[in-house]
Each structure stands twice: as structure tokens, then as C-alpha cells.
Amino acid sequence: MEKTDLIGLHHVTAITSSAPKMFHFMTEALGLHLIKKTVNQDDVATYHLYFTDDMGTAGTDITFFDFPGIAQGHYGKNSISRIGFRVPNDAALDYWLDRFNQYNIQTDAVQESFGAKVLPFYDFDQQRYQLVSDEHNAGLPSGTPYRHSPVPIDVAIGGLGPTVITVSQPEKIGEMLTGTMGFTKINQHGAQTLYELHEGGHGAQVIVEGSLILPDSIQGYGSVHHMAFRTPDTESLNNWIQRIQKAGLHDSGFVERFYFQSEYFRAAPGVLFEIATDGPGFLVDESYEEAGIHLELPPFLEAQRTSIEANLVPFNSEEGSHE
């Protein structure tokens with residue numbers, strides 16, 4: 001693996017109808033750590049919440065926007081259609097099935113996908129997820145579960161896992177994954193094809209699903225906004241920007257997000273990818289003990305704090321303790 005190679009999954013960003021409800025779902029039901037409560041830097045009336053492992057390790061992040069007034073999304077083709085999480089083993093899926101029943105969380109039956117047992121489930125927005133067992137997985141290690149999680153450590157979610165992309169032209173995005181991004185085609189089963197970065201296992205896999213039957217997806221709450229892949233540092237990111245532009249993909253160029261730097265590009269119709277650096281990380285501007293409690297803003301937004309806070313519903317704070 002070369003220094004400039006992509007490492008694996010970095011984060012997935014989705015859209016929710018309610019930031020306070022999503023806080024409870026992710027921290028209480030799933031046991032993740034809200035390590036950063038900030039705003040969408042391009043739409044500051046919108047929260048951007050980062051739920052991760054204990055220390056906010058890259059590859060364990062699921063993040064959410066709550067765009068004011070947005071309508072519900074509709075599942076369909078040309079979208080990132082199901083978000084994957086990793087759990088340690090097959091036995092953990094039994095625990096999670098019981099837990100989801102206790103929380104009245106909708107699930108499908110445990111099934112198999114490319115040699116791994118998976119448990120599909122859904123949140124209150126009908127966002128689509130799956131828990132994927134690491135029982136037979138080798139590759140990138142998972143993260144360290146949140147130390148204050150209500151979920152026992154031996155069954156806890158360890159980070160992002162194989163995430164499904166449903167498209168009408170699977171061969172075209174497959175060529176981009178292998179030819180531009182460095183993925184290897186691992187296996188194919190029916191309409192689904194498994195791609196992996198540098199033998200990284202579940203923390204470095206995407207599943208491309210072809211469909212001409214499904215209607216086109218409509219983005220809204222309950223849908224995915226984009227997914228991101230890890231690169232070590234700014235130097236390697238700049239190499240990727242050149243590579244993406246050389247491939248003729250519609251891209252953003254360099255973007256400073258303060259907690260990391262990134263580049264966005266359109267991987268396929270309806271599918272937005274990002275390449276993001278591993279650091280500097282989410283604890284660059286606050287302590288571990290205070291993470292997720294106060295609204296944190298990057299320095300270039302700090303002067304707008306009063307007006308930004310006036311447009312947000314407080315939660316997980318003294319002002320929002322009733323939530």
C-alpha cells in the first residue's frame with residue numbers, strides 16, 4: 001500500500017428530520033459517541049452531528065445534517081442506499097436483534113452478504129442501515145467502542161462497514177472505483193458487486209448494486225448525502241485532487257473543514273463522494289469530557305455564533321436538557 005493510496009471508509013453523512021431525536025437514537029439505541037456538535041459549514045442553520053467510536057477515529061463516523069424544512073427522501077436507484085456498521089461477530093447480531101426489538105426499531109431478518117452475516121435495520125426516518133459481522137473479516141481494525149456506551153463492549157459497533165450504492169449503470173461506477181480510486185473487484189452475487197480498498201476488509205468495502213427497476217431516489221431526510229474515504233494527510237489529499245480532476249470528474253477542489261480537509265466529487269448520478277484527511281481530528285478545539293455538549297464552530301464561523309445559535313434547537317446541553 002502506497003502512502004498516497006486511499007485507506008478505507010472515512011465517514012458517511014446522512015440527513016435526518018430531527019437532530020435531538022437522532023442524538024437519542026445514535027447514543028442510546030446504538031451506543032455511539034457524539035464527539036462533535038457543530039453546523040453545516042455551507043448552511044449554518046443546519047446542525048452537523050458526528051457520531052463515532054470513543055475518540056472519533058476516522059472510519060467510525062456517521063454524521064447528520066437536519067436541513068430546515070426538507071421533505072422526506074425516497075429510496076431508489078442512483079443513491080447511496082444502505083449504510084454499513086461493523087460488529088465483532090455473529091453472536092453480536094443476536095444481541096442487536098433483541099436490542100432493536102426492545103427499542104421498537106424495525107429490522108429485516110439476519111441474512112448473508114458476501115460471506116458475512118448482516119442485520120438490516122431502519123431508523124425513525126426510514127434511513128436504511130445494516131450491521132455486518134466481522135466474524136470472518138480481516139483487514140483494517142475497527143475502532144474502540146465508546147467508554148460510556150450503554151452497549152456492552154464485546155458486541156458494540158466498531159465503525160463503518162460495507163455500504164451499498166444502488167445505480168442504474170453499475171459497470172460505469174465500477175470502472176471509476178477500480179481505475180481511479182484504487183479499489184479491487186472482489187466478488188459478485190446477483191445484482192451486487194463487492195469492491196475493496198487494498199485488502200482493508202469491512203472497513204474498506206463498498207457494494208455496488210445495479211437496478212433499472214427501482215425509481216430514481218429523491219434526496220431528503222432519511223437518505224444519504226455523501227460518503228467519504230480516508231487519505232492520510234493534506235499532501236496525499238492534494239495528489240487525489242489532481243487525480244480526480246485528471247479523470248474528468250466534477251469536483252469541488254480543496255475544502256478546509258477545520259477538523260479535516262477534503263475534496264468532493266460526483267462519482268455517479270446521485271452519488272457524491274468525498275476524500276478526507278484523517279486529521280487533525282475532532283478534539284482539536286475541545287476536551288474529550290466536553291465533546292458533543294457545546295456547539296463548536298470552526299474559527300471562520302465564530303463571529304456568527306450568536307445568530308447561528310438562535311436558529312438551532314438546543315439538545316444535550318443545559319439549554320436542551322429537556323430533550
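The values are calculated or read from the model by the stated rules, or taken from the named source; none is laboratory data. A quick note: this is a predicted structure, and the numbers were derived from the prediction, not measured. Cβ placement follows ideal geometry from the backbone for every residue including glycine, while neighbour counts extend to all protein chains displayed.
Annotations
- Note on region 131-167: residues that are crowded, with 18+ Cβ neighbours inside 10 Å and either polar (S, T, N, Q) or under 23 Å from MET26 (Cβ atoms) (or both) total 24.
- Near pairs, Cβ below 8 angstrom, 6+ apart or cross-chain, from region 35-56 (at positive phi) to any residue that is surrounded by 19 or more Cβ atoms within 10 Å (Cβ to Cβ) and not in a strand (DSSP E or B): GLY56/PHE282; GLY56/ALA291
- Residues that are touching a helix residue (DSSP H, G or I) at 6+ places or on another chain (Cβ under 7 Å) and assigned to a loop (DSSP other than H, G, I, E, B), drawn from region 96-141: TYR103, ILE105, VAL110, ASP123, PHE124, ASP134, GLU135, ASN137, ALA138, GLY139, LEU140
- The strands (runs of 3 or more DSSP E) located wholly in region 176-227 that include 1 or more residues which are in contact (Cβ under 8 Å) with a residue 40 or more places away in the chain and either touching a Cys at 6+ places or on another chain (Cβ under 8 Å) or within 18 Å of TYR129 (Cα to Cα) (or both) occupy 192-197, 205-210.
- Qualifying residue in region 303-311 (condition: modelled with pLDDT under 95 and either part of a loop (DSSP other than H, G, I, E, B) or of a type in the set (Phe, Trp, Tyr) (or both)): yes
- Residue in region 262-283 that is closer than 21 Å to ALA45 by Cα and either touching a residue at least 40 places away in the same chain (Cβ under 8 Å) or surrounded by 15 or more Cβ atoms within 10 Å (Cβ to Cβ) (or both) present: yes
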